[in-house]
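Just so you know, all these numbers are worked out from the coordinates, no wet-lab data involved. Computed from a predicted structure; not experimentally measured. FYI the Cβ positions are ideal-geometry reconstructions off the backbone, even for glycines, and counts take in every protein chain you see.
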Amino acid sequence: MPMFSGVETPNGDSPDGPDQSKNHPRDPRDLPSLMLSSCYPISLKFIDVGYRVKVESKSKGSSNLRRILGHGPDHQESSSGNVQERTILSGITGMASPGEILAVLGPSGSGKSTFLNALAGRLQGQGFTGTILANNKRPGKQIMRRTGFVTQDDILYPHLTVRETLIFCSLLRLPKSLSKNEKTMVAESVISELGLTKCENTIIGNSFIRGVSGGERKRVSIAHEMLINPSLLILDEPTSGLDSTAAHRLVLTLNSLAQKGKTIVTSMHQPSSRLYQMFDSVLVLSEGRCLYYGKGSEAMGYFESVGYSPSFPMNPADFFLDLANGTYGFDSRFCLCLCCLLCVFLLIWSIQLMSTTWVP
């Protein structure tokens, strides 16, 4: 049976052997569903991951005016700029196991996208520090070929239908050991598994062309990566711009993929309480640092043990965002001040009322 992992030999053949689809066509019933258990489970570990970038700060003076007037920058002013390092990630440690969903939570600017890029091997340069292991080994080409990365922005051709998009992608990404009909069947299998059958003949569309909905467009982006049957799937805020129902359907799809042996790592900006209950592990980031890593069901208990607990029942994800933003306790202090001001106002009002009504 072919294993749709997208791994090819230098000759373009699959690891099982050369292209034999022309001489010995396969029975379509022998093609396994792409959503079955992962053929190569990946346990991902990240140890003390950090990332820094250099930012050059120039002094604000007459250099901008000189540049506009065409006199060029002053030599002394151009040399006065100093280079500073900015920490994006610092000391993040944890792991993601097959069959589980690791949710990366945090406010905007906390380093979620940078962290996912580091896990996917997309960060290059001297600013990256730490160790990332896949099955206790440094990730090589085989691991990268079995890794799917869904970006935050959907990069799709707006004039193609859902079916045309996935068939075109399968013809390009699947190994040559499969015939054209078999690659088409793989695309149809992904369409069925991700619930895109109703919109398979609808164009993708964009902001100017009416097409599929936001949730369907995001599932098409996930289907792009599911064509190669990845063992590790990384998603950068897949629920952004979706309503609660569409976001729940999308996370249900990710949960079904995780139950079949795949490792899912996704970032979430502000998930609902219904979505939070579906996360196996949670990583909370704040300004590039880790506030919490562990099971999602144990997160509230951990923060209560260190003295942080909400004053009323609330969504755990919202509570973590308040902690990460440093706004914990703001509401209670505001209410206390408001009550004090109200008491003072009532006291002054009662004194004035008594002084006007009292007759000696």
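Brief remarks on what is shown
- Relative contact order (percent, whole number), region 278-325, Cα cutoff 8 Å, 6+ residue spacing: 33 percent
- Note on Lys54: lysines with a C-alpha under 28 Å away, same-chain residues under 8 apart excluded, are Lys45, Lys112.
- More than 14 Å apart - percent of Cα-Cα pairs taken over region 158-226: 53 percent
- For region 179-310, relative contact order (Cα pairs under 8 Å, six or more residues apart, normalised by length) works out to 16 percent.
- Listed peptides 197-207, 237-247 appear in the order 237-247, 197-207 once ranked by packing, highest mean of other Cβ atoms within 10 Å at the front.
- Residues whose placed amide H lies under 5 Å from that of Tyr292, excluding near-sequence neighbours: Val284
- Backbone amide hydrogens, once placed in the peptide plane, bring Phe128 within less than 5 Å of Arg52, excluding anything fewer than 5 places away on its chain.
- For region 152-229: relative contact order, % (alpha-carbon pairs under 8 angstrom, 6 or more apart): 43 percent
- Under 5 Å, built H, 5+ apart or other chain: amide partners of Glu100: Ile264
- Rg and Dmax of region 107-165, both derived from C-alpha coordinates alone, stand at 15.3, 43 Å.
- The lysine pair tally for region 123-260, using Cα distances under 29 Å and a gap of 8 or more places or different chains, is 18.
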